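All of the numbers you see were taken from the coordinates with simple rules; none came from a lab. Everything numeric in this text was worked out from a predicted model, so none of it was measured. Note that each Cβ is placed from the backbone with ideal geometry, even for glycine, and that neighbours are counted across all protein chains shown.
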Amino acid sequence: MTGRRPTITSRHGIVAAAHPLAAQAGARLLAQGGNAFDAAAATTAALNVVEPFMSGLAGLGLATMWVGAEKRVRVLDFVPPIPASFPAERFSQRAELERGPFAIGAPGNLAGWCELVKTYGRKSLPEIFAPAIALARDGFALAEFGASEFTEQAPILQGHGALYPAWAKTYQPGGKPMGLGSLLVQPDLALTLSEIAEKGPEHFYRGALGERVVAHIQSLGGTMTMADLAAVKAVWREPLAVSYRGLNVNVPPPPCEGFQFLLTLRILDGLDLAGLSKDGPEHLDLVYRAIRLAAGERIAHNNPSAGKLAEMLSDDAVAALRRRVLDGEPITGPTEQWVPQDREDPAHTTSLSIADNEGNLICLTQSLGSPFGSGVVVPGTGLTLNNFLYWADVQPGSPNRSKPGDALPICMAPSLSTRDGKPVLALGTPGSYGILQTQVQAMVQHLDFGLPLQLAIEAPRARLWDGRLVEIENRIAPETVAELVRRGHEARTFDTGWTMRCGGMQAVSIDPARGLFTGAADPRRDGYVATP
């Protein structure tokens with residue numbers, strides 16, 4: 001045996017998610033006659049329970065999907081605009097919005113889950129939420145990644161005196177630290193999910209639950225209002241797509257920042273990567289250079305108009321970037337936001353991919369932002385609120401400076417790829433601005449070097465930062481890293497071969513000829529594949 005994860009296949013549907021219990025929740029819905037959209041909502045709700053530091057109904061996200069009955073790709077955007085009540089003029093540094101009540105963006109995840117089920121699902125909300133409610137009510141034992149998150153975040157949140165008591169009451173029952181095997185029971189969250197299942201999403205966006213959430217935010221000094229919640233709406237959009245190695249790769253359009261991922265693929269599509277040594281200096285140098293150039297374009301032209309985006313992805317513009325990739329001169333530039341940032345937490349996001357035997361395929365990425373989001377837990381509800389205004393741009397002088405009511409650009413890229421008009425791959429990852437980098441690296445491993453999907457996800461990856469810095473998992477040969485330094489990269493290795501700073505990818509591929517689904521889950525987190 002290799003010590004690696006096995007390839008898991010099915011002909012009856014498959015779920016790849018960031019936690020075994022969440023993947024099993026989605027597979028349960030498939031086994032009960034639900035489709036991929038029902039299973040996606042059940043999986044996301046279960047993730048709210050088993051990864052409360054990562055995502056939940058008070059977060060936001062995006063989904064890209066193939067709707068089998070309609071034979072087309074669609075995007076569901078549940079990233080609400082910046083709340084009208086947000087006092088943007090009070091802030092001038094991103095760090096001011098990392099925690100607390102002002103960091104909270106309008107929650108979109110619940111609206112997204114419910115819109116997905118209403119439009120394409122066939123199960124009721126009580127059926128959808130049943131696995132999550134049971135997990136919250138009965139409790140579950142923390143696995144390795146969850147245990148490390150609690151161990152790391154508890155002392156950090158303890159430093160936020162106004163936020164910590166409610167957090168600790170929910171996530172440290174009895175005041176005891178949580179570790180591997182600790183039982184986490186969330187009765188308040190079970191009740192909240194049960195109420196939503198019975199009363200629908202209006203209970204949150206226009207009802208008593210929302211009033212309770214807003215009252216707590218305002219008690220902490222925040223400005224969010226019921227009008228901000230009532231304005232939340234999941235929106236259907238047309239995907240943005242480019243061709244790469246025979247695949248038509250689709251992601252959400254702007255204000256989603258997934259176009260950086262597509263631009264990088266466009267640059268690389270004109271290069272013969274397959275003729276190079278895999279994980280050698282030539283392969284990695286070209287990929288890293290293309291990623292950095294595409295990041296610069298995204299930062300310079302954030303949330304571009306349709307015309308500007310077409311210009312950025314045009315043959316002439318891509319050819320100019322490709323020439324820069326090939327000229328050998330060092331490339332220095334930002335990868336995060338307009339003004340160079342310090343290295344940041346890689347963000348606490350989760351991504352899942354699901355296929356069913358009715359021809360549907362979906363990739364959904366959702367998040368709370370940072371670990372445990374804003375750190376604000378609403379007493380008596382079990383809800384942790386996001387900190388997505390940390391991803392707004394409040395820096396004076398920035399061409400992308402955010403205002404109340406503006407679209408909120410988000411660095412997610414849930415992708416759905418087709419070949420010859422048929423869906424063949426759903427692939428997504430968490431990782432903040434690294435999402436737009438690491439998905440490229442996995443696609444190259446899978447499509448250019450022919451690695452099976454699970455091995456492509458397990459292959460060593462890197463995270464690029466502002467300037468020339470690139471950090472690489474230490475499974476890459478030292479002499480390769482040294483050569484990358486010689487070529488102008490400020491390259492160094494992580495102290496581990498597997499790090500969540502390089503994402504936590506979940507993917508599903510389809511072999512249309514055999515009707516075979518293959519799932520792949522990232523060992524960098526608690527990823528898992530389940531079948532009905």
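Compared with the dominant principal axis of the Cα atoms in the chain, helix 144-158 is inclined by about 70°. Scalar couplings 3J(HN,Hα) for the range 64-71, obtained by applying the Karplus form with A = 6.51, B = -1.76, C = 1.60 to θ = phi - 60°, are 10, 8, 9, 9, x, 5, 9, 6 Hz; x denotes Gly and Pro.
Please give me, ordered by residue number, the trypsin sites (Lys or Arg not before Pro) of the range 61-160 that lie in loop per DSSP and have at most 15 other Cβ atoms within 10 Å. Sites meeting the loop and neighbour criteria: LYS71, ARG122.
Distant-in-sequence amide contacts of MET412, defined by a placed amide H-H separation under 5 Å and a gap of 5 or more residues or a different chain, comprise GLU257, GLY258. With R₀ set to 45 Å, the beta-carbon distance separating ARG4 from ALA231 gives a calculated FRET efficiency near 0.45. Phi angles across the range 232-249 convert, under the Karplus curve 6.51 cos²θ - 1.76 cosθ + 1.60 with θ = phi - 60°, into 3J(HN,Hα) values of 5, 8, 6, 10, 7, 10, 7, x, 9, 9, 9, 9, 8, 6, x, 9, 9, 9 Hz, Gly and Pro given as x. Phi-derived couplings, Karplus 6.51 cos²θ - 1.76 cosθ + 1.60 at θ = phi - 60°, listed residue by residue for the range 41-48: 5, 5, 5, 5, 5, 5, 4, 3 Hz, with x used for Gly and Pro.
Once C-alpha pairs closer than 8 Å and six or more residues apart are averaged by separation and normalised to the residue number of the range 214-300, the relative contact order reads 20 percent. Database remark: amide H of LEU361 closer than 5 angstrom to the amide H of TRP66, GLY68 (H placed geometrically; neighbours at sequence offset of 5 or more, or on other chains; Pro and chain starts carry no H).
Multiplying the residue separation of LYS403 and GLU211 by 0.36 nm and removing their Cα-Cα distance gives an extension gain of 66.7 nm. Dividing the summed -39500 (n - 2.57) terms of all DSSP H runs of n ≥ 4 by the residue count of the chain sets its mean residue ellipticity at 222 nm at -10500 deg cm²/dmol.
Relative to the current alpha-carbon distance between LYS422 and ALA141, full extension at 0.36 nm per residue lengthens the span by 97.2 nm.
Only Cα sites of the range 239-329 enter the Debye sum here, all with the same form factor; the resulting log10 I(q)/I(0) across q = 0.11, 0.13, 0.24 1/Å is -0.30, -0.41, -1.28, listed in q order. The distance separating the Cα centre of the range 418-432 from that of the range 241-260 comes to 10 Å. Close amide H pairs (under 5 Å, H built 1.01 Å from N) link ASP393 with SER402, residues at least 5 positions away or on another chain.
Close Lys pairs in the chain (alpha-carbon distance under 26 Å; sequence gap of 8 or more, or different chains): 13.
Listed values [x] 11, 15, 14, 14, 11, 10, 9, 7, 6, 3, 0; [y] 24, 59, 16, 0; [z] 14, 22, 24, 18, 12, 5, 4, 1 include one computed from this model; for P(r) over Cα pairs in 20 Å bins from 0, in percent that value carries the label [y]. Output the 0 to 90 degree angle, nearest 10, between the alpha-carbon long axis of helix 315-326 and the longest principal axis computed from the alpha carbons of the chain. Approximately 70 degrees, to the nearest 10.
Taking Cα atoms only, the orientation of helix 187-199 departs from the longest principal axis of the chain by about 90 degrees.
Here each label is just a point 7 Å from Cα along the line to Cβ, and for THR151 and GLU195 those points are 3.6 nm apart.
Here the simple spin-label model places points 7 Å from the Cα toward Cβ, and for GLU311 and ARG11 these points are separated by 5.3 nm.
A protection proxy built from the mean count of other Cβ atoms within 10 Å ranks the segments 222-232, 436-446, most packed first, as 436-446, 222-232. Geometric descriptor of the range 259-393, per residue, is 193 Å³ (volume of the convex hull of the Cα atoms).
Ratio of Rg to Rh for the range 12-98: 1.11 [Cα atoms; Kirkwood radius as inverse mean 1/r over pairs]. Between GLU490 and LYS118, the simple label model (points 7 Å from Cα in the Cβ direction) yields a spacing of 4.8 nm.
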